[in-house]
Amino acid sequence: MKLAVVIAAWNERENLEALTLRLQQTLTGAFEIVYVIAGDDGTRAIAERLQAEFGNIRIIDEPQRGGLGAALRLGFAAVTDDTDLVVTMDADLNHQPEEIPRLLATLERTKADVVVGSRAVSGSTVTGTPLWKRFLSGVLNIVMQVLFGGTVRDKTSGFRVYRADVIRNVPHRQNDYSVQPEIVIEAQRAGYRIVEEPIHFIYRREGQSKMEFWPTSFSYLSLLRGRLDRTSIAAVLIVIAGFVLQLATNYPVHKSPADGDVALMGLCACDILGGNVFKVFYNLTRLGSLECYATAAVFALFGVSRGALAFVAPLLSVFTLAIAYRFFRNLLGRSVALVALFFLAIPSPAVLFWLAMPNSYPMTLLLCAAILWMATRAEQRPATRWTAVPFGLAIGLGFWTSFLTLMCTVPAVLWLAWRRADLRFNVKWLAWLALGFVIGAAPWIAYNVRYPLASFQDNFAARPAGGTDAALANVEYLITYKIPELAASLDPENGVVAPSRVMRVLRVPVLLIWLVAAIWLALRDKPSRRAFWLAAGIAITAVVLNVFSEAGETRGLTVRYVLPLYFSLVIALAFFLVDVARRSRLAAIVIGAIVLAFNISGYRLPGDPYRRELERAAVVDDALVAQLEKEGTQFVTGDYWRTYSINFQSRERIIGVPCRTEDDFRKMAARIPDGATKWVALARVKDAEWIARWMRAAKVAGTTEIVGPYVLFRPARPSPFRPVVMACP
């Protein structure tokens, strides 16, 4: 059987010779290498020299680079009629030539028409690929699986073996990287059998990647057009924009503003990866551990690191936006849904601040979106278990994760009962709903049976406010701080960074826009009543929970306690802008641009001075942990934000013990080994006086050292740690 290896090579002089030699050494029998060459770096000259040496190489010129798809079409057209099998692979040594015989053997053994060298099946390994590329490939494969179906999990892999009649009969029109899934999709439609074989994928070591983000993205969007209308394509672009914003907020990797909470999430995920315990809660018994499991999945794929931890929020944001769009579309119609989705993807600074950190709030908002989507889905479909169980499951998962989801659960249930009177007493449907809830909330239920109602005893959200005066104070705080900060955040980080001039100038106009939008929706005519009552229900429930619960008495960075209310705000704004646009498109653009300008001006993006400070702090933290480990430090005491960060960075090889017992969520103090004497106390430089007072109170002599933004106290000689009851810095 004759074999042809078709390879597109654009500026690959660093890799072409090594690739050719490895192919010549690996392949046997009758075979030909077809190079489709573009670029001007000398790749063709190398190919011509190798052609003269081996004789079984053909060179096809691609005068103007048209992309991978165009190159493959040229290569396939050059395959001779007597060729039986065609191999495609990358020219950059991502794919290992030595694996071709195994792919060929799989083709014959399975009687398949196509074998895909897959990175997504058991036995495959991926080495060196940047995080963003692995995520992009994973998301694209999930999206294409949903839209196009089929059994191939790695549709974007270019390492394949085809029977020659497949490449001759299967049409493909895409010019960029999306040609790879296009061929698989069209081959499936034509009835060809496709199987996957694991491979070892090694990211290029020489030369530069030819994948460009925006051309590649538009190429995939072009492929998706067969299944998506213009509105859906616009929605996909908005979701991508929201994802890119999250990436920019989290990368380059930096110290998180709430580093202790983020570290706690990472430690919870490490527990899960260790397989030693089933985690029910992330933080005491208040917040469920569902996001820990998402984090553990990211760690399993990319390894345990600060960079992988920072990837959790962007990952969850993609699902939140996709689910929210389905909810908006069911409730609002296409045009209004797009506007609502846009302002959810490019949200107020406070919303982005909380959703960009893996601290349970990204998962909470995702589940709120799922609850609302399932409610609108159940409203529009027949009363079957396929509407009841998913709705109940979303409610149960939300209840397990956070009582905050009640801000969506309560209005969603009441709204659905209003909209579908036939469901109120449909015992069978309600039984399926209850089953879904029990499945979703099972970990929470089991824990609270084992430890009777522990989640209520330790959760201020479940306790009533301390009287009328406290409730009135909560009303004032909600009106003067929480809602204004949610809609037009002037201080999302509690005074850490002064607001920009743009934020100060635009804040009042933006608040007025949100207020007018809310009033507009309330006064709008009948067609929007169903949307108004659901949005109003979310708002009313948020107010009730923040006014009449003990949680509402908390002051500080508490915008997170009203995050679900943002769904109501964007619904109102979307209706308002669409209605304004019907009268004056320019006016709608100006109003939307004012809100957008305010939002963007409050983001901490790469290059921002505060962001650079956080990036430097991450480097200092890494160096500090390495230094402490080298010195044999056994444990560190200080405030929660620093000690728990050390716990995660050292994987608890160094035990970080918060100076406040109530902050020691993992009971780290109990893990200090008997006789441990190698310890340090840690604080920020600006809290150096706290270290001095702590030393005097502990009656321990020692020395202090400045390490970047930190001051460290070391005892003069090894001595047991003496806990001191004293306020943290």
Query raised in the report: Based on Cβ point charges of +1 for Lys and Arg and -1 for Asp and Glu, what charge dipole magnitude is obtained for the chain about its Cα centre, in debye rounded to the nearest 20?
Result: 1940
Report summary line: Length gained if Ala593 through Ala300 is fully extended, taking 0.36 nm per residue and subtracting the Cα-Cα distance, is 101.4 nm
Report task. Using a/c under 1.5 as the rounded threshold, could you call segment 3-136 rounded, prolate or oblate? The axes a ≥ b ≥ c are square roots of the C-alpha gyration tensor eigenvalues, and prolate needs a/b larger than b/c, oblate otherwise. Result -> oblate
Query raised in the report: How large is the helix-only mean residue ellipticity at 222 nm for the chain, computed as the sum of -39500 (n - 2.57) over DSSP H runs with n ≥ 4, divided by its residue count, in deg cm²/dmol to the nearest 500?
Result: -18000 deg cm²/dmol
Query raised in the report: From the residues Thr468, Leu367, Leu486, which one has its Cα farthest along the dipole of segment 363-513 in the positive direction, the dipole being from +1 and -1 charges on Cβ of Lys/Arg and Asp/Glu about the Cα centre?
Result: Leu367
Report task. Calculate, in nm to one decimal, what Ser122 and Glu98 gain on full extension: separation in residues at 0.36 nm each, minus their alpha carbon distance. Result -> 6.7 nm
Query raised in the report: Counting only protein chains, not ligands or nucleic acids, how are Lys428, Lys699, Lys482 ordered by accessible area (probe 1.4 Å), most first?
Result: Lys699, Lys428, Lys482
Report task. Of all alpha-carbon pairs in the chain, indicate the percentage at a distance above 47 angstrom. Result -> 30
Requested in this report: Report His200's accessible area, 1.4 Å probe, all protein chains in place, as a number in Å² to the nearest 10.
Outcome: 70
Query - Debye log10 I(q)/I(0) at q = 0.12 Å⁻¹ for segment 53-208, Cα point scatterers - result: -0.51
Query raised in the report: In degrees, nearest 10, range 0 to 90: what is the angle between the Cα axis of helix 609-631 and the longest Cα principal axis of the chain?
Result: 90
Report task. Just add up the charged neighbours of Ala465: K/R +1, D/E -1, any other residue whose Cβ is under 11 Å from the Cβ of Ala465. Result -> -2
Requested in this report: On the full set of protein chains, 1.4 Å probe, figure out the accessible area of Tyr35 and give it in Å² to the nearest 10.
Outcome: 0
Requested in this report: Could you give the C-alpha radius of gyration of segment 242-363 expressed as a fraction of 2.2 N^0.38 Å, taking N as the number of residues it contains?
Outcome: 1.12
Report task. Relative to the longest principal axis of the C-alpha atoms of the chain, give the angle of the C-alpha long axis of helix 585-601, reported between 0 and 90° and rounded to the nearest 10°. Result -> 70
Report summary line: For segment 464-593, the dipole about the Cα centre with charges only on Cβ (Lys and Arg +1, Asp and Glu -1), to the nearest 20 debye, works out at 760
Query raised in the report: Residues with beta-carbon under 10 Å from that of Gly638, excluding Gly638: net charge, scoring Lys, Arg +1 and Asp, Glu -1?
Result: 0
Query raised in the report: Top to bottom by accessible area (1.4 Å), largest first, where do Ile100, Ile323, Ile142 land?
Result: Ile142, Ile323, Ile100
Report summary line: Computed over segment 100-179, the Cα gyration tensor eigenvalues, each multiplied by 5 and square-rooted, give semi-axes in Å (largest first) of 22, 18, 12
Query raised in the report: Put +1 on the Cβ of every Lys and Arg and -1 on every Asp and Glu Cβ in segment 1-147; which of Val143, Met1, Leu21 then has its Cα farthest towards the positive end of the dipole?
Result: Val143
Query raised in the report: Carbon and sulfur together cover what percent of the accessible area of the chain at a 1.4 Å probe radius?
Result: 61
Report task. Find the centroid of the Cα atoms in segment 228-303 and in segment 615-636, then give the distance between the two in whole Å. Result -> 24
Query - For segment 58-104 and segment 542-571, distance of Cα centres in Å - result: 58
Report task. Quick one: order Val578, Val544 from most to least accessible surface, probe 1.4 Å. Result -> Val544, Val578
Requested in this report: Enter the accessible area of Ile439 (Å², nearest 10), with the probe set to 1.4 Å and all protein chains included.
Outcome: 100
Requested in this report: Determine ³J(HN,Hα), in whole Hz, for all residues of segment 46-63 in sequence, where each value follows from phi through the Karplus function 6.51 cos²θ - 1.76 cosθ + 1.60 and θ = phi - 60°; x replaces Gly and Pro.
Outcome: 5, 4, 5, 5, 5, 4, 5, 6, 9, x, 9, 10, 10, 10, 10, 7, 10, x
Query raised in the report: Considering only protein heavy atoms, what per residue accessible area in square angstrom results for segment 609-729 with a 1.4 angstrom probe?
Result: 51
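The values are calculated or read from the model by the stated rules, or taken from the named source; none is laboratory data. Note that the structure is a prediction, hence the values are computed from the model and not measured. No Cβ is skipped: glycine too gets one built from the backbone with ideal geometry, and neighbour counts run over all protein chains shown. For the accessible areas, the whole protein counts, side chains as well, though only heavy atoms, and no ligand, DNA or RNA atoms are used. Shrake-Rupley method; radii C 1.70, N 1.55, O 1.52, S 1.80 Å.
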